[in-house]
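Engineer: Take this structure first; my questions come after.
Derivation of every value follows stated rules applied to the coordinates shown; laboratory data play no part. Computed from a prediction, not measured in an experiment: that's the story for all the values here. Glycine gets a Cβ as well: all are built from the backbone with ideal geometry, and neighbour counts include every protein chain shown.
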Amino acid sequence: MLDRRDFIALSALLAAPAYAARALTEAEFAAAEEFVELILPGAKAARVMRYIDLGLAHGVGETAAWQRGLAAWAKQKVPMEQLAAKELSPATELERFFGLAKRAAIDAYALSDEGQKEWLGYRGGVHLESFPGCTEEHG
Amino acid sequence: MAQAVLDVLVVGSGPGGGIAAYSLCQQGLQVGLIEAGKRLVPGRDYNGHGSPHKDWEKRLAAGFKTPVSKVTDYQEKDHFTGVGDNPRHGLLKALGGRSLCWAGHTLRFGPGDFAQWPIRYEEVAPYYARAERLMGVSGFRDGLWNLPDGEFLPGVPLRCSEKMLGKGVAKLRGKHREAAFVSIRKAIPTKSGAVPRATCHFCGHCMAGCEVDSKYTSANTPIPMALRTGRLSLFLQSTVTRIVMTNDGHRVQGVEIVKADGSREELRCRALVLACSTVETARLLLTQNLANSSGQVGRNLTSHFGLTVIGLFPQVRGRDASNDDGWDYYHSLLTGLYWKDKAKQFEGTYQVQCGAGVHPKKLAIKWAPGYGESLKAQLKDWNTTHAGMNMQGMLLISKNKYVDLDPVKRDANGIPLPRIHLHYDDSDLAMANDVIQTCEETIRLAGGTVHSSPGKATRDNLVIDSNHWVGTARMGTDRRTSVVDTECRSHDIPNLFLGDASVFPAYPEKNPTLTNIALSWRMAEKLAARARRGDL
């Protein structure tokens, strides 16, 4: 039985045409999807790497930095917990890549329909006759 | 064939130029409105309603590096030289100018703000009222003496975290601080039928350019009204390269324009109104050293500057985050600070624009520690419970801020680029440090925690407002120290008038556009009165 996230991922895959990576190689793209999914679960279904790769192909971000980071990740699968602990004082290529990929992924995920609705609970972007403001009372 | 002489040429179709053209036409004058850009169509040429992911490839292919279609895509680049503390300068060449990309914040300057002007609040108030009716301004009547109420359509209420800030401000007042917390006022109709534009549908894209043209712009209100009089000639994609003077150099005779095809033409007029923007008007005058016997053209430059403090309010945790779009991020205003009790450490006043919630297509807080589901939960929690406080302070007018001409760089027409000099004064830094303290205190008094704050203001972390420059051709009664008189007419050239914010002789914390429009409307009426009595 499909759970909600699987269903969304499957729907996205069926609805969207296959994407051929532009800036990264197919192998790098697949590895990047895996890496980014570990940082932000749900990013793959939201096609976050497609968004990032398209940007890289047009000079938004540095492709070489992604390639160096992915090469380091291919060499040694350091646990995410360890990378996250070093985020503010990265010393290795992979530790620097963690921060780079995380920032790009958060940006891209927040811009996706899936990220906005499933993650953030956003229900905006619709026509309102009036704006109700805050209708609750808080502390 | 003899060249037709128009009564008035208006250069620039932004907030000041648009209203001047309308008023002059309405009073029976033949007017030419010159705009360097073309007409942009809301919804077609800019449309923030689109999906960033779906539109991304198309935008990248078109050369854009940002995911959301905005009217600011059309802003000029490499059009000025900055000197000092990172000056920025927004310039939008399009019919309507920067009225296309303003947030719509419509605040009257108050009686206290006019204390340093050669005209009083009461002189401008009727023009404020008229402008508010034309623009369709929505807001609440707050009863504040130095932020006077206007003729408002229904206001828009606050979001949850903003209401929390309001509670903090109430406690500030309890500590005898002069302060108020109000909903923002905007030139966007909230009630159908009040003005002939669409009613706001609260998508939150005001500043990106309103796709449905609900927000007031020069392009959707005064310019079409001027065209309907049959007395307005529009010169689009036409850049003024030179003001043509009479042989004796005493009066304006017309302007030279360069058109989109590169051809040049000379247009003749009886009077000229420059409304090109504070920086561009100064640049045009300095290029020929016109109207500058005082030596004040380009001087007395000021803008707003600021920084951001973000608070978190656990009280609103768990609420339905559903739709906080509203009418753009900034919905509310911390105001009233230092109106009467002047600060000892700095000159001037500031306000704080406040926003909250998950804004469409933009997270206010983009980073949290960790990874995985806990990272997602933390970012969601912070963004849904946060309130952002953005300082808008008056930049001290001093010899450290001015516009002159770049001695080397020129534009495509060979005109020197403007050079903007910005060096923050100690007073500016002291004001920014006061803002940081006030914002942090407000958040804590409201029961919140400070999520992020600059802590201490430095020349590097202050951000200048690129769209709020005023004051390079100040108004005054003494021709030795000012550029224009109280009618916004040049002291030196009797048929030259200024219709933009360059004439502001002093600046409060409030947004400039409504005052720019009111003053330009007033200037146009006085100009037309002179025309009627043959005194141009």
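Engineer: Can you spot the lysines whose alpha carbon is less than 27 Å from B:LYS344's alpha carbon? Ignore those fewer than 8 places along the same chain.
Structural biologist: Leaving aside lysines fewer than 8 places away in the same chain, those within reach of B:LYS344 are B:LYS167, B:LYS171, B:LYS175, B:LYS399, B:LYS401, B:LYS456, B:LYS510.
Engineer: Using the crude model of +1 on Lys and Arg Cβ and -1 on Asp and Glu Cβ, and no other charge, please compute the dipole size for region A:8-119 relative to its Cα centre, in debye to 20. Don't jump to the answer; show the numbers that get you there.
Structural biologist: Working: 12 positive and 15 negative charges, 26 e Å.
Dipole about the Cα centre, nearest 20: 120 debye.
Engineer: Consider all pairwise Cα distances in region A:8-119 and report the whole-number % of them above 24 Å.
Structural biologist: Details: 1292 of 6216 pairs.
When all Cα pairs of region A:8-119 are counted, 21 percent exceed 24 Å.
Engineer: Before anything else, pin down the relative contact order of chain B: Cα pairs under 8 Å, at least 6 apart, normalised by residue count, whole percent. All intermediate terms of the calculation are to be shown ahead of the outcome.
Structural biologist: Numbers: 1275 pairs, mean separation 122.3, N = 536.
About 23 percent, as a whole number.
Engineer: Let me ask something else. Once you charge only the Cβ atoms, +1 for Lys and Arg and -1 for Asp and Glu, what is the size of the charge dipole of chain B about its Cα centre, to the nearest 20 debye?
Structural biologist: Working: 67 positive and 53 negative charges, 121 e Å.
Charge dipole of chain B: 580 debye, to the nearest 20.
Engineer: Specify the angular offset, from 0 to 90 degrees and rounded to the nearest 10, of the alpha carbon long axis of helix B:52-61 from the longest principal axis of the alpha carbons in chain B.
Structural biologist: The answer is roughly 40 degrees.
Engineer: Taking 7 Å along the Cα-to-C-beta vector as the label spot, tell me the B:SER466-B:SER293 distance in nanometres, rounded to one decimal.
Structural biologist: Placing both labels 7 Å beyond Cα along the Cβ direction yields 3.9 nm.
Engineer: May I ask for log10 I(q)/I(0) of region B:410-536 at q = 0.09, 0.12, 0.15 Å⁻¹, from a Debye sum over the Cα atoms as equal point scatterers with solvent left out?
Structural biologist: Ignoring solvent entirely, the Cα scatterers give -0.44, -0.69, -0.89.
Engineer: Let me ask another. Against the longest principal axis of chain B, how steep is helix B:121-135, in degrees 0 to 90 to the nearest 10, with axes from Cα atoms?
Structural biologist: The two axes meet at around 80 degrees.
Engineer: Would you calculate the separation in nanometres between label points at B:MET245 and B:SER374, each defined as 7 Å from the Cα along the Cα-to-beta-carbon direction?
Structural biologist: Here the modelled spin labels are 7.2 nm apart.
Engineer: What size of dipole, in debye to the nearest 20, comes out for the protein assembly as shown about its Cα centre when the only charges are +1 on Lys and Arg C-beta atoms and -1 on Asp and Glu C-beta atoms? Can you show the working numbers first?
Structural biologist: Working: 82 positive and 73 negative charges, 193 e Å.
I would put it at about 920 debye.
Engineer: So which lysines can B:LYS259 reach, going by Cα to Cα under 16 Å and dropping same-chain residues fewer than 8 places off?
Structural biologist: Straight-line reach from B:LYS259, under 16 Å: B:LYS38, B:LYS93.
Engineer: How many Cβ atoms of partner chains, on average, are near each residue of B:366-373 if near means within 10 Å of its Cβ? Provide the component values of the computation, followed by the final result.
Structural biologist: On the way: counts 4, 5, 2, 4, 7, 13, 8, 3.
Partner-chain Cβ atoms within 10 Å, mean over residues of B:366-373: 6.
Engineer: Okay, moving on. What does the structure give for A:58-65 when I average, per residue, the other chain Cβ atoms found within 10 Å of the residue Cβ? Can you show the working numbers first?
Structural biologist: Numbers: counts 9, 3, 6, 1, 0, 0, 0, 0.
Average neighbour count from other chains, rounded to a whole number: 2.
Engineer: If the rule is a partner Cβ under 4.7 Å, which cysteines in chain B fail it?
Structural biologist: Flagged as lacking a Cys partner: B:CYS25, B:CYS101, B:CYS200, B:CYS203, B:CYS206, B:CYS210, B:CYS269, B:CYS276, B:CYS354, B:CYS439, B:CYS488.
Engineer: Next up: Which of the helices in chain A meet the span-like rule: DSSP H, Cα axial reach of 24 Å or more, Kyte-Doolittle mean at least -0.5?
Structural biologist: Details: long enough: A:93-111 (27 Å, 0.28).
Qualifying helices, which must be both long enough and hydrophobic enough, are A:93-111.
Engineer: Restricting everything to alpha-carbon atoms, can you work out Rg to Rh for region B:174-243 with a Kirkwood hydrodynamic radius? Provide the component values of the computation, followed by the final result.
Structural biologist: Details: Rg = 18.4 Å, Rh = 15.6 Å.
So for region B:174-243, dividing Rg by the Kirkwood Rh gives 1.18.
Engineer: With a bin width of 10 angstrom, please list the P(r) values of chain B as percents of all Cα-Cα pairs, from the 0 bin to the one holding the largest distance.
Structural biologist: 4, 18, 29, 27, 15, 5, 1, 0
Engineer: Averaging over every viewing direction, what projected area does the convex hull of the Cα atoms of region B:157-200 cover, in nm²?
Structural biologist: Details: hull surface 15.8 nm².
Average projection, Cα convex hull of region B:157-200: 3.9 nm².
Engineer: What residues of region B:462-485 lie in the reach of a label at B:ARG533, counting those whose backbone N is under 15 Å from a point 7 Å from the Cα along Cα→Cβ?
Structural biologist: Flagged as within label range: none.
Engineer: A further question on this structure: Please compute the Cα-Cα pair-distance distribution of region B:283-333 with 5 Å bins starting at 0, giving whole percents from short to long.
Structural biologist: Going out from 0 Å in 5 Å bins, region B:283-333 shows 4, 11, 12, 14, 10, 6, 7, 8, 8, 6, 6, 6, 1 percent.
Engineer: Working from Cα positions, state the angle (0 to 90°, nearest 10) between the long axis of helix B:426-445 and the longest principal axis of chain B.
Structural biologist: 40
Engineer: Can you divide the C-alpha Rg of region B:371-468 by 2.2 N^0.38 Å and report the result to two decimal places? Could you put the intermediate results ahead of the total?
Structural biologist: Numbers: Rg = 19.7 Å, N = 98, 2.2 N^0.38 = 12.6 Å.
This ratio for region B:371-468 stands at 1.57.
Engineer: Rg and Dmax of the protein assembly as shown, using alpha carbons, in Å: what are they?
Structural biologist: Values for the protein assembly as shown (Cα only, Rg and Dmax): 26.4, 90 Å.
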